[in-house]
Amino acid sequence: MYRLSKLRFGFPVFLFLALFLDGSISQVFSVQMFRYPTAMVSHLVVLWLVCGVLFEADDGTFDMPLGRWAAVAGAVFDLYYTGIFGIAVFIFPLVVYLTRRLASWIRPNFLSGLLIYFIDITVVEGLGYLASRAMRLNTGAGSAFLVNTLGPTLAFNLAMFVILYFPIRWVYNWLK
Amino acid sequence: MQKFSLNRRLVIIIVCVIVSFALMTVSVTMRNKKSTPPLIQQFGNDIVGLVDRVVAIPTNGLSGSVSSVSELLNTYQENQQLKKQVSELAQTKVRDQTLAKENKQLKKEMQLNASLTDYTAVSAAVITRTPSSWQSQVVINKGAAAGVKKNMPVMSGSGLIGRVAEVNKTNSKVELITDNNDSSNRFAVQITTKSGKTVNGVLSGYKATTGQITMDNITTKAKLAKGDKVVTSGLGGVTPKGLYVGTVAKATGSDYGLATKLYITPATDLSALNIVTVAVSKQ
């Protein structure tokens, strides 16, 4: 099924679009997003991957190589954006795996999807924080991370989920 | 069977964590030691950078047009203020030209080719910003092909904003002063006090709560006052002399009370960057 559909080419195109939009949004709205005390980090690429898992579970016949594409997106993220290889390249596939497990326990719909995405963003930001602390890229305290980064980031990304859930579902259905 | 699969999963997780840490350590070390990333990474980054422009140019253009509409609203007032400044600037510029000419002649006479103040400015547009809260980093559209090298200082508006952290052929990453990692904001700077004394030092960090750059361990008896200008001193490396950093906001005793600690207000807004200038030194 996957091989024959438009998704085979459409999925990576939208994946990279989301990846580059993350950077462009951060650049265009840098005053609003990165001025102290808030640091909102856009994770549209994670949204696209998570939605892939959610809508893949919609009809059971559709298996996409999401883990592989997540690793590719993570590798590009690491090399192009941060310059430090080995963080997102593991976190993104982990998120896909986690979402698949969660989606197998709770039937994904809009609200449970929101819950799953909440957990995913927490994992992405939390592991990213731990990794960057371990590599001494940042020296911020854990409490500062929770208040200044994780809170605003969750707020921003959940808002994006609410806004983009139905458009992305439409895109997936169009590509299928 | 259940137990086996659990064990296998654990092994996979541990292996992944180890590999991840190994890769991170290797890339951080390479970033610190080498002047350019490995060829494959450079090549990949160049291609990704080219593709990114397809997305970045329209979005940046869109934001540019939106902000130009909002700027149109206070154009009249701004214009009046700026006209006054321009007439003053013309005077300064002429004097600057004369001095530069004289400087050149004197250098020629002394057979001095390039001094610490000489640099060429390479202007570049910001393509994108790292979507991460601890890496204040932007990607600019000039790289090794335009003469950019690692560790070169980058300016925007009137002041210093950061340094080049990684150079590819056609794009490079700039680490901003606001980034709080160990190496991003160590610039050698000097302050000329009102009494004419020069104080040398090194920038030591960035205080996010007040938006000020800090400068620690100054052991001088010269009196530093609020408003003293801080410029790069050109000592020790590729940073040319005389790049404007900011003004002194506050001078206090340092953490251990022996030396002076300075807070510096940066000369430019460090969060809104569109066009930056890389100072390519001639030495």
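The values are calculated or read from the model by the stated rules, or taken from the named source; none is laboratory data. Quick caveat: nothing in here was measured; it's all calculated off a predicted structure. Heads up, the Cβs are rebuilt from the backbone with ideal geometry, glycines too, and the neighbour counts pull from every protein chain shown.
Which number in (1) under 15 Å from the mean Cα position of the chain (by Cα); (2) at positive phi marks the one condition that residue A:158 misses?
Tallying (1) under 15 Å from the mean Cα position of the chain (by Cα); (2) at positive phi, residue A:158 fails exactly one: (2).
From the list A:14, A:29, pick out the single residue that is of a type in the set (A, V, I, L, M, F, W, C) and touching a residue at least 40 places away in the same chain (Cβ under 8 Å). Write out each step before concluding.
On the way: A:29 fails: touching a residue at least 40 places away in the same chain (Cβ under 8 Å).
A:14 is the lone residue from the list that is of a type in the set (A, V, I, L, M, F, W, C) and touching a residue at least 40 places away in the same chain (Cβ under 8 Å).
Tell me, please, whether a residue that is over 15 Å from the mean Cα position of the chain (by Cα) and not basic (Lys, Arg) can be found in the stretch A:118-130. Outline the logic, then answer.
The first filter runs over the stretch A:118-130 and keeps only residues over 15 Å from the mean Cα position of the chain (by Cα), leaving A:129-130.
Going one step further and asking which of them are not basic (Lys, Arg), we end up with A:129-130.
Yes; the residues of the stretch A:118-130 include at least one that is over 15 Å from the mean Cα position of the chain (by Cα) and not basic (Lys, Arg).
Would you kindly identify the helices (runs of 4 or more DSSP H) lying entirely within the stretch A:26-110 that contain at least 3 residues that are surrounded by 20 or more Cβ atoms within 10 Å (Cβ to Cβ), within 12 Å of the chain's Cα centre (by Cα) and not basic (Lys, Arg)? Reasoning before the result, please.
Details: elements: A:30-34, A:44-56, A:66-76, A:88-105.
Where helices (runs of 4 or more DSSP H) fall fully within the stretch A:26-110 and carry at least 3 residues being surrounded by 20 or more Cβ atoms within 10 Å (Cβ to Cβ), within 12 Å of the chain's Cα centre (by Cα) and not basic (Lys, Arg), they are A:44-56, A:66-76, A:88-105.
So which residues in the stretch A:115-141 are more than 14 Å from chain B (Cβ to nearest Cβ) and either within 16 Å of residue A:52 (Cβ to Cβ) or outside any helix (DSSP H, G or I) (or both), if there are any at all?
Residues satisfying the conditions are A:116, A:117, A:120.
Looking at the stretch B:156-179, can you tell me whether even one residue there is β-branched (Val, Ile, Thr), in a loop (DSSP other than H, G, I, E, B) and without any contact (Cβ under 8 Å) to a residue 60 or more places away in the chain? Working first, answer last.
At the first step, the residues of the stretch B:156-179 found to be β-branched (Val, Ile, Thr) are B:161, B:164, B:167, B:170, B:174, B:177-178.
Narrowing the set further to residues that are in a loop (DSSP other than H, G, I, E, B) leaves B:170, B:177-178.
Within this subset, residues satisfying the condition of being without any contact (Cβ under 8 Å) to a residue 60 or more places away in the chain are none.
For the stretch B:156-179, residues β-branched (Val, Ile, Thr), in a loop (DSSP other than H, G, I, E, B) and without any contact (Cβ under 8 Å) to a residue 60 or more places away in the chain: absent.
Taking the criterion of being in contact (Cβ under 8 Å) with a residue 40 or more places away in the chain, surrounded by 11 or more Cβ atoms within 10 Å (Cβ to Cβ), more than 9 Å from chain A (Cβ to nearest Cβ) and not in a helix (DSSP H, G or I), would at least one residue in the stretch B:44-58 satisfy it?
no
Could you tell me which residue of the stretch B:187-223 is surrounded by the most Cβ atoms within 10 Å (Cβ to Cβ), considering only residues that are outside any strand (DSSP E or B) and either on the phi > 0 side of the Ramachandran plot or among the basic types (Lys, Arg) (or both)? Break it down into steps so the answer makes sense when it comes.
Taking the stretch B:187-223 first, the residues outside any strand (DSSP E or B) are B:187, B:193-197, B:208-211, B:219-223.
In the following step, the residues that additionally are either on the phi > 0 side of the Ramachandran plot or among the basic types (Lys, Arg) (or both) were identified as B:194, B:196-197, B:211, B:221, B:223.
Values: B:194: 11, B:196: 7, B:197: 13, B:211: 17, B:221: 7, B:223: 12.
By that ranking, first place goes to B:211.
Every residue, every condition in (1) within 12 Å of another protein chain (Cβ to nearest Cβ); (2) in a loop (DSSP other than H, G, I, E, B); (3) more than 21 Å from residue B:49 (Cα to Cα), yes or no:
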residue	(1), (2), (3)
B:98	no, no, yes
B:111	no, yes, yes
B:124	no, no, no
B:134	yes, yes, yes
B:145	no, no, no
B:151	no, yes, no
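Looking for whichever is within 14 Å of another protein chain (Cβ to nearest Cβ) and at pLDDT below 90 here; the options are A:83, A:60, A:74. Which one fits?
Details: A:60 fails: within 14 Å of another protein chain (Cβ to nearest Cβ); A:74 fails: at pLDDT below 90.
Exactly one of A:83, A:60, A:74 is within 14 Å of another protein chain (Cβ to nearest Cβ) and at pLDDT below 90, namely A:83.
Go over the candidates B:116, B:160 one by one and state the one that is crowded, with 23+ Cβ neighbours inside 10 Å and closer than 30 Å to residue B:227 by Cβ. Reasoning before the result, please.
Details: B:116 fails: crowded, with 23+ Cβ neighbours inside 10 Å.
Only one candidate passes the filter, namely B:160.
So which pairs qualify, if the first residue must be in the stretch B:122-140 and within 21 Å of residue B:170 (Cβ to Cβ) and touching a residue at least 12 places away in the same chain (Cβ under 8 Å), the second must be assigned to a strand (DSSP E or B) and among the basic types (Lys, Arg), the Cβ gap must be under 6 Å, and the two must be at least 6 apart or on different chains?
What qualifies is B:137/B:173; B:138/B:129; B:139/B:173.
With respect to residue A:91, determine if the residue is within 14 Å of chain B (Cβ to nearest Cβ) and touching a residue at least 60 places away in the same chain (Cβ under 8 Å).
Details: within 14 Å of chain B (Cβ to nearest Cβ): yes; touching a residue at least 60 places away in the same chain (Cβ under 8 Å): no.
Against the criterion (within 14 Å of chain B (Cβ to nearest Cβ) and touching a residue at least 60 places away in the same chain (Cβ under 8 Å)), residue A:91 does not qualify.
When the stretch B:9-37 is examined, which residues are found to be outside any helix (DSSP H, G or I), surrounded by 11 or more Cβ atoms within 10 Å (Cβ to Cβ) and either among the aliphatic types (A, V, I, L, M) or more than 10 Å from chain A (Cβ to nearest Cβ) (or both)?
To start, the set of residues in the stretch B:9-37 that are outside any helix (DSSP H, G or I) comprises B:34-37.
Narrowing further to those that are surrounded by 11 or more Cβ atoms within 10 Å (Cβ to Cβ): B:34, B:36-37.
B:34, B:36 - these are the residues of the stretch B:9-37 that are outside any helix (DSSP H, G or I), surrounded by 11 or more Cβ atoms within 10 Å (Cβ to Cβ) and either among the aliphatic types (A, V, I, L, M) or more than 10 Å from chain A (Cβ to nearest Cβ) (or both).
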